[in-house]
1. Taking the Cα centre of the range 21-106 as origin and charging only Cβ (+1 Lys, Arg; -1 Asp, Glu), how large is the dipole, in debye to the nearest 20?
2. With a 1.4 Å probe and all protein chains left in place, how much of the accessible area of the chain comes from carbon and sulfur atoms, in whole percent?
3. Consider the candidate values [x] 12, 46, 36, 6, 0; [y] 10, 38, 37, 14, 1; [z] 12, 38, 31, 15, 4, 0; state which one is P(r) over Cα pairs in 10 Å bins from 0, in percent computed from the structure displayed.
4. At 222 nm, what value in deg cm²/dmol follows for the chain if DSSP H runs of at least 4 each add -39500 (n - 2.57) and the sum is divided by all its residues, to the nearest 500?
5. Give the cross-link partners of LYS92 among the aspartates and glutamates, using a straight C-alpha distance below 13 Å as the criterion and excluding same-chain residues fewer than 8 apart.
6. Give me the accessible area per residue for the range 1-105, probe 1.4 Å, as a whole number in Å².
7. Looking at the range 1-127, send over the antiparallel percent of its DSSP beta bridges, to the nearest 5.
8. Calculate one ³J(HN,Hα) per residue across the range 12-28 by plugging θ = phi - 60° into the Karplus curve 6.51 cos²θ - 1.76 cosθ + 1.60, and present them in order as whole Hz with x for glycine and proline.
Amino acid sequence: HKPELIHVVAAIVWHPNIAGTLLISRRQQGKHLEHFWELPGGKKETDEKAYQALTRELLEEVNIKDITSEPFIQVTHDYPDGSILLDVWQVKAFKGEVYGREGQEICWVSIEEINEYQFPDANKSVLEIIASNVKA
């Protein structure tokens, strides 16, 4: 019996004024994969569309709204305790002052420096694709 695929939305939030710089946030203590860095986002609710989940999570987590975004890539990843579908969107414009509303650390990081941060396995392939697209 294969566990249900957990649908997670994540955002590549580009900095409005610094090219090649994106927003990452740190998972809080007590959460699955605590202390790892990740793209902001979270689980999609059953009755939500992916875009709705994305806008809700970004407002709840990092205080941004009225976003202009487009789908970027979807990857599935199997962890020992379950599988996730990571549904990644590119956020090109937004309103609101970015901060960690749940008390989490957040930072803007350039794509060149991204490897200095520790991410969950599911994020790694996505970050490689972002990096290869940005450098191109």
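The values are calculated or read from the model by the stated rules, or taken from the named source; none is laboratory data. All values derive from a computational prediction rather than experimental measurement. Because the Cβ atoms are built from the backbone with ideal geometry, glycine has one as well, and the counts that use them run over all protein chains shown. SASA here: full protein model, heavy atoms, side chains in, ligands and nucleic acids out. Shrake-Rupley method; radii C 1.70, N 1.55, O 1.52, S 1.80 Å.
1. Roughly 200 debye, rounded to the nearest 20.
2. The computed percentage sits at 48.
3. Calculated P(r) over Cα pairs in 10 Å bins from 0, in percent: the matching label is [x].
4. Calculated from helices alone, the mean residue ellipticity at 222 nm is -6500 deg cm²/dmol.
5. In chain and number order, the partners are ASP66, GLU70.
6. Ligands and nucleic acids excluded, the figure is 57 Å² per residue.
7. Roughly 70 percent of the beta bridges in the range 1-127 run antiparallel, per DSSP.
8. Listing the rounded values in order: 8, 9, 7, 5, x, 10, 10, 4, x, 10, 10, 8, 10, 9, 9, 5, 7 Hz.
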